[in-house]
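One structure is given below, encoded as structure tokens.
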Amino acid sequence: MRQGVELEAVSKTFRGFRAVDGVSFRIPEGSFFSLLGPSGCGKSTTLRMLSGFEDPDSGRIWIGDQVMNGVPAYRRPTNMVFQRWALFPHMTAYENVAFGPSVARVPRADRRRQVMEALALVGLTDFADRKPRQLSGGQMQRVALARALVNKPRVLLLDEPLGALDLKLRLQMQGELKRIQESVGATFVYVTHDQGEALTMSDQVAIMRDGRIEQIGAPHEVYDAPATRFVASFLGNANLLPVTVQGIDGQAAKVALGGLVFEARVGQTPAAGTGVVALRYEAVRIGAAAEGQPVRTRGRILEASFAGSSVHYVVAAEPGFTLTVEDRHRIDEPPWPRGTLVDLGWHGAAARLFPEAG
Amino acid sequence: MSTPAPRTGGMARAAAPWLLLLPAFALMTYAFILPIGSFLEYGFYRFERGRLIQDFTFATYRRFLFDPYYHAVILDTLKVAAIVTTIALAVGYPLAYGLWRLQSPALQRWFGLIIFSPVLVSVVVRSYGWTVLLADQGAVNWALMRAGLIGEPLELVYNLTGVVISLSHVFLPFVVFPIYAAMTRLDPSLREAAMDLGAGWWTTFRRVTLPLTLPGIVAAAQIAFTLALGALVTPALLGGGRVLVLPLQVYRATSEINWPFAAVGGLALLLMALVAVVLSNRLLRYAEP
Ligand SMILES: Nc1ncnc2c1ncn2[C@@H]1O[C@H](COP(=O)(O)OP(=O)(O)O)[C@@H](O)[C@H]1O
Ligand SMILES: [Mg+2]
């Protein structure tokens, strides 16, 4: 008995352009799954194949134990929250939410109760009689969510639903979406190009690039152990340092960066004797904190930029390379001025080796 | 600390729209408002034994308002306009929908041109074309008889039917394009949202596409109705003397230099068109999201 959502080698081509290229993944029933990637990488197309708006050229889509290929959108156990919400402009919030139940011929009394419950779930009971143009962006977003959830979909599809909201509202909605997902228990498939959203809300994240999936895993897994150079540079901020590889032994590699030789984890084995080491800004310790770290060196601060909770330093390391470091800002400790000589250090596990290209 | 905007530029900018509207105002005054003024004046004159008598009387208005013959004319005029509008909409809406749903832009351009083509042909040529097609031995009757649908030729021309067919044909582009424009303004994700919520094609059409294209329909109806009210040549050539719409009567009056009647008839036409426009604008406000 199959469960959840499953894609098997799904591809979609638009006039010779492969928008989705052999994508496979499995989403456990009732979990929060994100498709994360830069704009144009095929996220929406994948979602639209799940909703039934596009049919895959090849591959199979399962929801539960049923193959969805060829099943029209209106017969799938999915509902969608559209990128710009797509509320019916001639209907009130109530009528928008009631659209699904009325199409499904839910009896009038039940319908009213269901609609009011859905509006209550998103906190919009007082706005039931407003037309979309009388609602703010955040409220329209909630109506769109209620309109989808009222149908009790097995799978809820969300295409960058927070993209048009301002930052504060976006952060608040992230929390609410997660809460709503847990309370309704449906499988959520969430498309976004915003890594913050994906990492905060998801049980699992799939990182997409050029129509393919680069890596799937829990947020902390993909963040800590990126499988490709693309993932390492796409998630968070990483220094990409060109190194010569002196030897590889299983998961450990000995690399040389200028005059500094140290051990790094192997992300992906490089073909030739050179590669790139990805080292996150915040994985590098600076000053006294560098003491006791397995990899040690020194450098002179070239630039310091203060960003409130953190300080970014660009440091010219003595072995002959440049490094960006993110240091936590502590109260009463002003950032070091330019030209200061500082200690640097990091843990070998924080540095990951990848091939130069890719 | 903020400095006020420079005054001179502001003045010029405020005057600019009025300056641009000036030619239109001038034209309207000369070609519309002044003639209407003289219409009003002539309507109070008298016409007796082929002569215009310039005294002040309500005689023409009285005749127009109380003579059953003119009631019949006005009713006929409204009827023709209403039937033509209905048929043009009934044919035009599906046509606009089909044009909108066409996948290929090249096909869309070609079909658009075909729909536009009646307007490119002179009204006289078009009317004679229809006489030939709709005659007893014409292509339409021939095809219907061959198909066994009718035993005898239908009377399709030199009566109301011929006028209605020809007018609906030529007004088609004026109906299709406003509706088509309303359709292209629709957010395509609205139809997807409806289908996503379980609606099939028909429900999506009835509850989303149709209500949201209502402004286009109202605009189209307004154009077709007012154009049909004023149609003269087609009823004259295809009506066979049996379709006595008001413009024909006005035309006949002018050729008899019966200016008082022409003036009153013209004002009546203007009034009917105005009522149609006001009513449809009311409808439009109602149809707004
Ligand atoms: N209907 C379509 N016709 C042609 N190309 C399309 C169509 N839909 C998407 N594409 C192309 O497919 C690629 C992936 O699009 P999309 O899935 O929307 O990306 P994302 O949502 O990740 O930004 C883009 O290059 C886009 O231009
Ligand atoms: Mg997209």
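The values are calculated or read from the model by the stated rules, or taken from the named source; none is laboratory data. As the structure is a computational prediction, the values presented were derived from the model and not from experiment. Positions of Cβ are generated from backbone atoms using ideal geometry, with glycine treated the same way; all protein chains shown enter the neighbour counts.
Quick notes on this one:
- Subset of segment A:52-63 that is surrounded by 16 or more Cβ atoms within 10 Å (Cβ to Cβ) and away from ligand 2 (no atom under 13 Å from the Cβ) - its residue that is farthest from A:SER24 (Cα to Cα): A:GLY52
- Residue in segment A:86-101 that is within 14 Å of another protein chain (Cβ to nearest Cβ), surrounded by fewer than 17 Cβ atoms within 10 Å (Cβ to Cβ) and either under 28 Å from the mean Cα position of the chain (by Cα) or at pLDDT 95 or above (or both) present: no
- B:VAL91 touching a Ser or Thr at 6+ places or on another chain (Cβ under 9 Å) and in a helix (DSSP H, G or I): yes
- Taking residues in segment B:137-164 that are within 29 Å of B:ALA224 (Cα to Cα), and partners anywhere that are buried (at least 16 other Cβ atoms within 10 Å of the Cβ) and aromatic (Phe, Trp, Tyr), the pairs with Cβ atoms closer than 8 Å and at least 6 places apart or on different chains are B:VAL157/B:TRP130; B:GLY162/B:TRP130.
- Some residue of segment B:183-197 being among the basic types (Lys, Arg), out of contact with any strand residue (DSSP E or B) (no Cβ under 7 Å at 6 or more places or on another chain), within 14 Å of chain A (Cβ to nearest Cβ) and outside any loop (DSSP other than H, G, I, E, B): yes
- Residue that is surrounded by the most Cβ atoms within 10 Å (Cβ to Cβ) [pool: residues in segment B:125-152 that are closer than 23 Å to B:VAL170 by Cβ and of a type in the set (Gly, Ala, Ser)]: B:SER127
- In segment A:34-49, the residues that are more than 12 Å from ligand 2 (Cβ to nearest atom) and within 18 Å of the chain's Cα centre (by Cα): A:SER34
- Selection from segment A:235-264 of residues that are of a type outside the set (Gly, Ala, Ser) and in contact with a Lys or Arg (Cβ under 8 Å, 6 or more places away or on another chain): A:ASN237, A:ASN239, A:LEU240, A:VAL245, A:GLN246, A:ILE248, A:GLN251, A:VAL261, A:PHE262, A:GLU263
- Residue pairs meeting the criteria (Cβ under 6 Å; at least 6 apart or on separate chains; first over 13 Å from A:ILE213 (Cα atoms) and touching a residue at least 40 places away in the same chain (Cβ under 8 Å), in segment A:33-51; second of a type outside the set (Lys, Arg) and within 9 Å of ligand 2 (Cβ to nearest atom)): A:SER39/A:HIS193; A:SER44/A:ASP159; A:LEU47/A:ASP159; A:LEU47/A:VAL191
- When B:VAL277, B:VAL208, B:VAL264 are checked against the criterion of being hydrophobic (A, V, I, L, M, F, W, C) and within 14 Å of chain A (Cβ to nearest Cβ), B:VAL208 stands alone in meeting it.
- Residue count, segment A:102-145 (criterion: within 14 Å of chain B (Cβ to nearest Cβ), within 26 Å of the chain's Cα centre (by Cα) and of a type in the set (Val, Ile, Thr)): 1
- Going through (1) within 16 Å of ligand 2 (Cβ to nearest atom); (2) over 19 Å from the mean Cα position of the chain (by Cα) one by one, A:ARG75 falls short only on (1).
- Only a single criterion out of (1) away from ligand 2 (no atom under 16 Å from the Cβ); (2) part of a loop (DSSP other than H, G, I, E, B); (3) among the aliphatic types (A, V, I, L, M) is not satisfied by A:LEU7, namely (2).
- Candidate set: segment A:154-185, residues that are buried (at least 22 other Cβ atoms within 10 Å of the Cβ) and part of a loop (DSSP other than H, G, I, E, B); chosen: the one farthest from the other protein chains (Cβ to nearest Cβ): A:LEU162
- Any hit, segment B:206-223, residues being free of Cβ contacts under 8 Å to residues at least 12 places away in the same chain and either out of contact with any Pro (no Cβ under 9 Å at 6 or more places or on another chain) or under 24 Å from A:SER51 (Cα atoms) (or both): yes
- Restricting segment A:52-78 to residues that are at the interface with chain B (Cβ under 10 Å from one of its Cβ atoms) and in contact with an Asp or Glu (Cβ under 6 Å, 6 or more places away or on another chain), the residue that is farthest from ligand 1 (Cβ to nearest atom): A:ALA73
- Failed criterion for A:LEU119 (all others in (1) within 16 Å of ligand 2 (Cβ to nearest atom); (2) touching a Ser or Thr at 6+ places or on another chain (Cβ under 6 Å) hold): (1)
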